[in-house]
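The values are calculated or read from the model by the stated rules, or taken from the named source; none is laboratory data. Remember, predicted model here, so these are calculated numbers, not experimental data. Here Cβ is always computed from backbone atoms with ideal geometry, including for glycine, and neighbour counts include all displayed protein chains. For accessibility, only protein heavy atoms count, side chains too; no ligands or nucleic acids. Shrake-Rupley method; radii C 1.70, N 1.55, O 1.52, S 1.80 Å.
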Amino acid sequence: MTHSVEKIGGTSMTNYDAVRDNIVLAGGEDGNVYGRIFVVSAYGGVTDLLLENKRNSHPGVYALFADDGAETLWRDALSKVGNTLKEINAGLFPDVEQLAEANKYIEGRLFEAERCMDNLHRLCQHGHFGLEDHLLTVREMLASIGEAHSAWNTAALLNRDGVNARYVDLSGWRADEALPLDDHISEALAGIDLSTTLPIVTGYAHCKEGLMASFDRGYSEMTFSRMAVISGAREAVIHKEYHLSSADPRLVGADKVVPIGRTNYDVADQLANLGMEAIHPRAAKGLRQQKIALRVKNTFEPNHAGTLIDCDYRSEKPCVEIIAGRKQVYALEVFDQDMVGALWQYEQKILAAIERFKGTVITKDINANTITNYLGVNLKTVKRIVSAVKELFPSAEVSTRKVAIISAIGSDMQVPGMLAKTVAALASANISVLAMHQSMRQVDMQFVVNEDDYEMGVASLHRCLVEVHDHGEAICAA
């Protein structure tokens, strides 16, 4: 195992000079830039334009195409994507001939995508064909354009700058068949000498399993993970625009947070559950099974070692490593006197209703006659789930409430009195705890609070549980 597999996030990709200087040139061992495989995301904001805005759900090309009555709108949106991608190219390629070549490549991809969508739209005008049956394929095709654009550009720019880079397109464009993901990766890497060649790989991989069906926009992390496992990497590295830190610096102050430095996959899973992914849990699974450590680095601090995540690490002394959380959570409470003695029947049916509308359960409460699921969904989805649950249990009282969840997380938190200390910290900030959870595994404590108390709650717990330590490079340093 002599090489690493490294993923570069979208915000980092937007700054080519930083990628070249801080990751490619500065990241090699003993001045050797090779012995690495790079999996790249689309440039920041591009996937939002192609699919939908991840934060505010503003429709992109895909969302408009999925709305069968928006034919003019999706065409206009695709045209705007083309203009945006060529604007990015113009900022990267000062040479006229290289710019023309880059534009020709992406124009070809966009033209073929539009032709496919146009043909599909015409086909689905016939009653025997339904648009919904093909939407996932369209979504994958559109998403692949962003990664193909950034990977092609990066390989071309690195070759211009003296690095022997090779563009590896896993997007399946014009492929005769869809291979299983592992076979597709093996075939793409065959014949590449990693000691003399730097592969630049698309974060989207077309495969028989269909990555977006399981991971939606987390597909690039699965590509990255399987690339590391299949190639037998010694380490997996993710380059982001920030450190994996003890809290959100916007909430507690940039001068108060510290990089975690070292933790384990248990902690990464807890973060993913809150929507703050270091890596998708199912992507981490392969790395964990093969005992491949994951390092999260800050693109703009190349000399910092970042945070190493592995299977076996436990802090030298029990402590909290990170304060994380999530706003815009809906508490779905189902109360029914008939639930006593039949909890599992209620729970199965409620979870089936949540799954039907693709809801995400962050945590839950259960007592004799009440089940409360805390959902990471939007208002439209929670209303659909409530309606379905009411149909299932006409005699039950079903209610919702908007809340926030704050979590204290660490690789080893088995300290007597820590829970009491944490609750006291929230109480001292005049924050009411609506519910709380701590499992026997002792890797996290979750507190449900009013949404308005979220920011103050994170700051209070960070001050109480993290800032009290004398930090070196990592939390809990002696």
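Here are some notes:
- Within the stretch 378-423, the ratio Rg/Rh, alpha carbon atoms throughout and Rh by Kirkwood, equals 1.25.
- Distance between the modelled labels on Val96 and Ala424, one decimal in nanometres: 7.4 nm (7 Å Cα→Cβ projection).
- The portion of the accessible surface of the stretch 308-369 made up by carbon and sulfur, rounded to a whole percent, is 47 (1.4 Å probe; DNA, RNA and ligands excluded).
- Kirkwood Rh in Å, taken over all unlike Cα pairs in the stretch 85-170: 14.7
- log10 of Debye I(q)/I(0), alpha-carbon scatterers only, for the stretch 79-123 at 0.15, 0.19 Å⁻¹: -0.43, -0.60
- Computed from the alpha carbon atoms alone, the convex hull of the stretch 1-128 holds 153 Å³ per residue.
- Beta bridge orientation in the chain: antiparallel %, DSSP, nearest 5: 60
- Debye log10 I(q)/I(0) at q = 0.14, 0.27 Å⁻¹ for the stretch 50-105, Cα point scatterers: -0.48, -0.95
- Percent of Cα pairs exceeding the 16 Å cut-off, where the set is the stretch 313-362: 62
- In this view, the solvent-accessible surface of Val423, computed with a 1.4 Å probe and all protein chains in place, comes to about 50 Å².
- Here's the list of lysines a cross-link from Lys86 could span, going by alpha-carbon distance under 18 Å and ignoring same-chain residues fewer than 8 apart: Lys104.
- Solvent-accessible surface (1.4 angstrom probe) belonging to Thr400, in square angstrom, nearest 10: 70
- Distance (nanometres) between label positions extended 7 Å along Cα→Cβ at Ser195 and Asp255: 5.2
- Using only alpha carbons, the stretch 232-338 has a radius of gyration to Kirkwood radius ratio (Rg to Rh) of 1.05.
- Listed by chain and number, the lysines whose alpha-carbon sits under 18 Å from that of Lys380, ignoring those within fewer than 8 places in the same chain, are Lys54, Lys327, Lys358, Lys390, Lys402.
- Between Lys380 and Lys104, the modelled label-to-label distance comes to 4.2 nm, taking each label 7 Å out from Cα in the direction of the beta carbon.
- For the stretch 8-66, Kirkwood radius (reciprocal of mean inverse C-alpha pair distance, Å): 13.2
- Between Thr370 and Asp452, the C-beta separation translates, for a Förster distance of 22 Å, into a calculated FRET efficiency of about 0.35.
- Counting only heavy atoms of the protein chains and using a 1.4 Å probe, Ser79 has close to 70 Å² of accessible surface.
- The calculated FRET efficiency for the pair Ser395 and Trp173, based on their C-beta separation and a Förster distance of 51 Å, comes to about 0.40.
- For the pair Ser186 and Glu87 in one chain, pulling the backbone fully straight at 0.36 nm per residue adds 32.2 nm over the alpha carbon distance.
- Using only the C-alpha atoms, the convex hull of the stretch 346-478 corresponds to 139 Å³ per residue.
- Range of Cα positions in the stretch 284-409 per principal axis (Å), largest first: 61, 31, 27
- Fraction in percent of alpha-carbon pairs per bin - 10 Å, the chain: 4, 18, 26, 26, 18, 7, 1, 0
- In summary, the lysines within cross-link reach of Lys421, defined as a Cα separation below 21 angstrom excluding same-chain residues under 8 places away, comprise Lys256, Lys317.
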